[in-house]
Structures are given as C-alpha cells and as structure tokens.
Amino acid sequence: MPADHPPLPRGTFRIGRIAGSPVLVSGSWFLIAGLIAVLMAPRVDQVQPGLGGLKYVVGVAFAIALYLAVLLHEASHALVARRFGFTVHSITLHFLGGATSIEGEARRPRQEFWIAVVGPITSIAVGAGALALWFGTPDGLLRLVVEGLAGANLMIGVLNLVPGLPLDGGRVLKAGVWAITGRVHTGTAVAAWTGRGIAVAVGVWALWSSRHGAVVNPLILLVIALFLWSGASQALAVAGVTRQFSDIVATDLARRALTVPDDLPLAEAMRRAREADAGSIVTTTADGSPVGVVDETAARAVPADRAPWIAVSTVARTLEPGLTLPVGISGTELLDTVRSTPASEYVLLEADGRVYGVLSAADLIRAVRR
Ligand SMILES: [Zn+2]
C-alpha cells in the first residue's frame with residue numbers, strides 16, 4: 001500500500017493535507033456542527049430576524065470556522081513535532097476537538113514541552129486576533145461569528161493549559177516533572193493522576209449542576225469528565241508498558257564480538273571466535289573501522305571444506321545505517337530503532353566508534369517476551 005494512502009480509521013474521511021499531514025474528519029463532527037447550528041439559531045434570530053431556515057446556515061458556517069481554528073491548533077503541534085524529527089501520521093477532527101497522531105515519544109522534556117505548549121499558544125493567539133477584529137466589526141451576523149470565534153479560541157487555549165493528561169497542559173506538567181526528576185515515567189504518572197483528579201472534579205461538577213441549575217449542561221460536563229478519565233487512564237497504561245520495556249538495555253543483552261579484517265578466510269575467523277569465546281563476528285576494513293556483521297545462519301550454512309577458501313565478508317551483512325546502535329540505547333527507543341530496520345544482528349558502537357558487542361534480534365525478542 002503506498003505510504004501516503006494508509007487505511008483510514010473507521011468513520012473518518014480525508015479532507016486534505018496541512019503541514020504535510022493528511023487531515024481526517026470524523027463523522028461525529030457533523031453531529032457537533034448540527035448541534036452548534038441549533039444552539040446558535042436563537043442568537044442569530046436576535047441579531048438578524050426573519051432569516052427563516054437560513055439562520056441554521058450561520059451556525060454551520062461558524063462550526064466550520066471554529067474547526068478551522070482547531071485545525072490550526074493541531075497543525076501547530078504537528079509542525080513542532082516535525083521540526084524535532086518526528087513523523088506525523090495524521091490530524092483528525094472529531095466532536096471534542098482534534099487530535100494529532102505523532103509516531104514515537106519525545107526523547108527530551110524540552111521536546112515534550114514545546115510540542116504540547118504550542119497548541120494552546122496558537123489558540124490563544126487566534127482568539128486574541130478575533131477579539132481585536134471584533135472591536136472593528138459593525139453589529140450584525142459577522143460580528144456574532146467573530147465574537148464566537150474569539151470566545152471559543154480563548155477558551156480552548158486556556159482550558160487546554162489545565163495541567164492534567166490528556167490535555168496539552170498535562171503534557172507541559174509531564175515535561176516539567178520529567179525535567180526535574182530525570183524520569184519520564186514519573187512525569188507521566190504525576191500528569192495522568194492529576195488528569196484523573198480533574199476528571200473526577202468535572203464529574204462532581206456535573207452532578208452538582210444537575211441538582212442546582214446549571215451554567216454548563218451537566219450532560220456535556222459528564223462527557224468531558226469521561227473523556228478526561230479515559231485519556232488519563234490510557235496515558236497511565238502506556239506509561240506502564242514503556243516502563244517495562246525500559247528495563248531492556250542493549251548492553252545487558254550484547255554478545256561479545258570479535259573483530260576481524262573482512263578479507264580473512266571464514267574458517268580462520270570462526271576458529272578465532274571460538275578461541276576468544278565470542279558470540280559474534282564483526283568485520284573491519286584495513287584501518288579497523290567496522291563494515292559488516294557476520295550472519296550466523298549464513299556462516300553455518302557454508303560447508304566445512306569451503307570455509308577456508310571464502311572471505312568472511314561473503315557471509316557478513318554490510319553495516320548500513322540502522323544496523324549500528326549507540327551503546328547506551330535502551331527501552332522503547334531501542335525497540336523503535338530495531339523495528340524500523342529489521343535484521344538478525346546489530347552492532348553496538350561506543351562513542352569513539354569502537355565495537356562494544358553485537359545485539360542479536362533473537363536475544364532481544366526473548367527479553368521482550370520475558
Ligand atoms: Zn492541543
């Protein structure tokens with residue numbers, strides 16, 4: 001399947017691309033557009049009486065403008081993520097706003113902070129811009145729409161800064177705790193539990209307003225509470241899985257490697273490896289820099305009487321990018337790297353380019369299963 005046409009998630013369709021990423025709209029969006037049109041109709045009637053059925057068109061136009069602003073918010077997340085080198089799969093607009101699907105996790109608190117904080121900043125800037133426009137717009141339907149956009153964007157910006165996952169503010173909090181403690185899992189746990197606390201508070205607010213007249217519809221509050229709770233719980237679950245993987249350290253699994261010149265006969269290379277009790281053979285150029293790693297299966301397939309006559313390089317896989325790993329790699333970063341370049345062996349290199357050892361995919365799979 002071509003890379004730029006991945007299967008669409010159920011119930012969504014594609015409306016175009018922004019910042020290099022496909023933009024998907026979930027069917028639930030039409031529900032919210034209809035709801036906005038109905039809720040706005042009385043105000044439209046007040047501002048411009050006698051429009052008849054056309055008054056709903058104003059609401060739909062406002063819903064479209066509002067979601068274009070949400071799209072700007074999501075596109076800002078996508079752009080910053082891309083600047084840090086992440087792949088952005090898609091931006092989806094749904095009834096509670098939008099979501100940007102980014103591959104992988106931030107590697108540093110600074111990345112997490114900027115990817116998250118740029119969204120609310122964008123919404124607040126759009127809201128402030130609409131507010132400035134509002135002052136110069138004469139009374140009428142246009143002013144009503146501009147007013148709605150100013151209010152909605154300022155609200156989206158400020159509410160998203162509430163410091164609990166899955167909100168952007170939760171990711172800002174996560175980045176802060178991560179920066180202070182040096183542990184990403186602590187950051188996620190703190191921000192996710194804060195998110196759950198906020199969800200409970202919103203839920204209590206929903207119950208309270210259902211009994212004592214409501215400023216905000218209790219049903220909407222309940223939906224928001226459930227959305228926050230499930231998002232925070234999901235973040236906790238993901239953090240639990242990544243924490244398990246963080247125990248997987250490449251150097252723990254590495255086999256001792258013997259380095260040999262790549263023109264050495266295979267039989268001699270294998271004899272030296274047995275003697276040195278090395279689990280793997282890395283071939284080097286004349287100046288000693290690693291160029292290949294011997295494929296165990298291929299080496300064993302060579303008949304014993306042929307082994308003295310062929311160079312070890314014939315059963316070695318060339319070390320293309322992705323087949324060498326920095327010696328300190330671990331956890332999900334290790335798994336992501338290995339997944340992007342599947343091979344049976346990887347060479348672990350020290351910072352100065354020396355060979356530390358060889359990581360076999362089979363050993364890694366065994367460690368993951370454990
Ligand atoms: Zn956001």
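The values are calculated or read from the model by the stated rules, or taken from the named source; none is laboratory data. Quick caveat, the model's predicted, so the values are computed rather than measured. As a convention, Cβ positions derive from the backbone with ideal geometry for all residues, glycine included, and neighbour counts pool all protein chains shown. These area figures cover heavy atoms from the full protein model, side chains too; ligands, DNA and RNA do not enter into them. Shrake-Rupley method; radii C 1.70, N 1.55, O 1.52, S 1.80 Å.
Once the Cβ-Cβ distance between Val60 and Ile180 is put in as r, and R0 is 45 Å, what FRET efficiency do you end up with, to the nearest 0.05?
Numbers: r = 47 Å, r/R0 = 1.04.
FRET efficiency, Val60 to Ile180: 0.45.
Relative to the longest principal axis of the Cα atoms of the chain, helix 168-181 runs at roughly 40 degrees. Let a ≥ b ≥ c be the square roots of the eigenvalues of the Cα gyration tensor of the stretch 250-369; is it rounded (a/c under 1.5), or, if not, prolate (a/b larger than b/c) or oblate? Here the stretch 250-369 falls in the prolate category. With N counted as the residues of the chain, its alpha-carbon radius of gyration over 2.2 N^0.38 Å works out to 1.36.
Near Gly292, the amide H atoms lying under 5 Å from its own belong to Thr283, Leu319; only residues 5 or more places off or on other chains count, and H is placed 1.01 Å from N.
Answer rounded, prolate or oblate for the stretch 138-238, using the Cα gyration tensor with square roots of eigenvalues a ≥ b ≥ c: rounded when a/c is under 1.5, else prolate when a/b is larger than b/c, else oblate. Cα axes put the stretch 138-238 in the oblate bin. Residues in the stretch 234-370 average 55 Å² of solvent-accessible surface per residue, probe 1.4 Å, ligands and nucleic acids excluded. Put simply, the amide H of Gly164, placed in the peptide plane, has neighbours under 5 Å in Gly169, Gly170, leaving out anything fewer than 5 places away on its chain.
Rounded to the nearest whole Hz, the Karplus-based 3J(HN,Hα) values (6.51 cos²θ - 1.76 cosθ + 1.60, θ = phi - 60°) of the stretch 234-248 follow the sequence 4, 4, 5, 5, 4, 4, x, 5, 5, 5, 4, 5, 5, 6, 7, with x at glycine and proline. The sum of -39500 (n - 2.57) across all DSSP H runs of n ≥ 4, divided by the residue count of the chain, sets its helix-only mean residue ellipticity at 222 nm to -19000 deg cm²/dmol.
In whole percent, how big is the carbon plus sulfur part of the accessible area of the stretch 95-234, probe 1.4 Å, protein atoms only?
Numbers: 5250 of 7380 Å².
Whole-percent figure for carbon plus sulfur exposure: 71.
Computed from the C-beta positions of Thr284 and Phe13 and an R0 of 51 Å, the FRET efficiency is 0.40 to the nearest 0.05.
With a 1.4 Å probe and every protein chain kept in, tell me what percent of the accessible surface of the stretch 250-369 is carbon plus sulfur. For the stretch 250-369, the apolar C and S fraction of the accessible surface comes to 52 percent. Of all DSSP beta bridges confined to the chain, the antiparallel ones make up roughly 70%.
Shape verdict for the stretch 1-161, please, from the Cα gyration tensor: rounded (a/c under 1.5), prolate (a/b greater than b/c) or oblate. It comes out oblate by the Cα gyration axes. Under 5 Å between amide hydrogens, built in the peptide plane, is the criterion, and for Arg255 it picks out Val358, Leu359, Ser360 among residues at least 5 positions away or on other chains. DSSP beta bridges confined to the stretch 250-369 are antiparallel in about 60 percent of cases. For the stretch 1-161, the solvent-accessible area of protein heavy atoms averages 54 Å² per residue (probe radius 1.4 Å; ligands and nucleic acids excluded).
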